[in-house]
1. Provide a single number: the residues in the range 75-104 that are among the aromatic types (Phe, Trp, Tyr) and either assigned to a loop (DSSP other than H, G, I, E, B) or more than 18 Å from ILE42 (Cα to Cα) (or both).
2. Given the options VAL213, VAL161, name the one that is modelled with pLDDT of 75 or more, in the same structural domain as ALA232 (by TED's automatic domain parsing), touching a helix residue (DSSP H, G or I) at 6+ places or on another chain (Cβ under 6 Å) and of a type in the set (Val, Ile, Thr).
3. Any idea how many residues of the range 202-240 are in contact (Cβ under 8 Å) with a residue 12 or more places away in the chain and part of a loop (DSSP other than H, G, I, E, B)?
4. State all residues of the range 234-250 that are under 24 Å from the mean Cα position of the chain (by Cα) and either on the phi > 0 side of the Ramachandran plot or buried (at least 17 other Cβ atoms within 10 Å of the Cβ) (or both); if no residue qualifies, say none.
5. Only one of (1) of a type in the set (Lys, Arg); (2) buried (at least 18 other Cβ atoms within 10 Å of the Cβ); (3) modelled with pLDDT under 80 fails for LYS133. Which number is that?
6. Looking at ILE139, is it surrounded by fewer than 19 Cβ atoms within 10 Å (Cβ to Cβ), at pLDDT below 90, closer than 18 Å to VAL67 by Cβ and touching a strand residue (DSSP E or B) at 6+ places or on another chain (Cβ under 8 Å)?
Amino acid sequence: MEKKAEYQISSFINNEGIPEITITGSTKGDNFFKVMNDLETILKEYRAKKAIFDIRSLEGRVEKTEVYRLTRNHHFLIYEVESAMVDLPENASLGDAAINAGLPWEWFTDIDEARKWIKSGQIRSVRQPQLLKKSEYKILSSVKDGILEVVLTGELIKSAVEDLQIKIADIIIEKGINNLLVDDRAMGGSRIGTMETYTTVRRPPPSIPRVKVAVIDRPENAKQGEFLETTAFNAGHVLKFFTDIDAARAWLKGK
């Protein structure tokens, strides 16, 4: 019995000569990379510099916390195409994450508005891909199922650690959430050293609330993460290191 395709892609060239591509079904798991490869083939065939993507009927989305990591670690042709993304209103935050990652895209909920925008060619310069300066970091935050998720991108130097702590503290206070997930996977460069980690944990800024913290990083940084966890435990903090985001969320929820 033939397996039914889990996603479908249809496309055509509109009256303005711009490809309109509709994606339906699911892009979960390995399907994401299959879809991206299929889109690459379509965009190359059209020699597209601009395109409209209708993803309103797509089931599931890439986690917005994954957007920067994907753009940093994987290159797809779609990253270079000026694109109008047509999506549902509840997915607006995903659009913000894509734009903050430097993709030349704009998000719409109305396809006619998307067509008007792509035809105008008014791509704002801040939407163009940009490389972060060394030692510059950015913070993306969102609340999901009672968890404050903070994604860090860019690079962090020793002198900026306290500033970062204060900014995260402000977000915790503003949101009033006691479960914090800090995702370091998209951070470039090396992690702060053992002595800096010890000092940071033992002498945090007084404004930082005591909350339950899960820190996620790539496996190659596990040694530093485990030291952070041990140091935090000895200092009386509730903090645990993970390399898997689902396990981190489950722990914060007490599962």
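1. Residues of the range 75-104 among the aromatic types (Phe, Trp, Tyr): 76, 79.
Now restrict to residues that are either assigned to a loop (DSSP other than H, G, I, E, B) or more than 18 Å from ILE42 (Cα to Cα) (or both): 76.
Of the residues in the range 75-104, 1 are among the aromatic types (Phe, Trp, Tyr) and either assigned to a loop (DSSP other than H, G, I, E, B) or more than 18 Å from ILE42 (Cα to Cα) (or both).
2. On the way: VAL213 fails: touching a helix residue (DSSP H, G or I) at 6+ places or on another chain (Cβ under 6 Å).
From the options VAL213, VAL161, the qualifying one is VAL161.
3. Looking only at the range 202-240, we keep the residues that are in contact (Cβ under 8 Å) with a residue 12 or more places away in the chain, and these are 202, 204-205, 207-219, 221-222, 224-229, 231-232, 235, 237-240.
Next, from what is left, pick out any that are part of a loop (DSSP other than H, G, I, E, B): 204-205, 207-211, 217-218, 235, 237-238.
Number of matching residues: 12.
4. Listed by number, the residues that qualify are LEU239, LYS240, PHE241, PHE242, ILE245, ALA248, ARG249.
5. Going through (1) of a type in the set (Lys, Arg); (2) buried (at least 18 other Cβ atoms within 10 Å of the Cβ); (3) modelled with pLDDT under 80 one by one, LYS133 breaks only (2).
6. Numbers: surrounded by fewer than 19 Cβ atoms within 10 Å (Cβ to Cβ): yes; at pLDDT below 90: yes; closer than 18 Å to VAL67 by Cβ: yes; touching a strand residue (DSSP E or B) at 6+ places or on another chain (Cβ under 8 Å): yes.
Yes, satisfied.
Here's the yes/no breakdown for (1) at pLDDT below 90; (2) closer than 30 Å to ILE192 by Cα:
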{"site": "GLU59", "(1), (2)": "yes, no"}
{"site": "PRO89", "(1), (2)": "yes, no"}
{"site": "ASP112", "(1), (2)": "no, no"}
{"site": "ARG115", "(1), (2)": "no, no"}
{"site": "GLY121", "(1), (2)": "yes, no"}
{"site": "LEU152", "(1), (2)": "yes, yes"}
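Every residue, every condition in (1) of a type in the set (Asp, Glu); (2) at pLDDT 90 or above; (3) assigned by TED's automatic domain parsing to the domain that holds MET187, yes or no:
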| site | (1), (2), (3) |
| --- | --- |
| THR27 | no, no, no |
| ASN31 | no, no, no |
| GLU45 | yes, yes, no |
| ALA51 | no, yes, no |
| ASP54 | yes, yes, no |
| VAL62 | no, no, no |
| VAL67 | no, no, no |
| LEU70 | no, no, no |
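The values are calculated or read from the model by the stated rules, or taken from the named source; none is laboratory data. What you see is a predicted model, and the numbers here were worked out from it, not measured in a lab. Note that each Cβ is placed from the backbone with ideal geometry, even for glycine, and that neighbours are counted across all protein chains shown.
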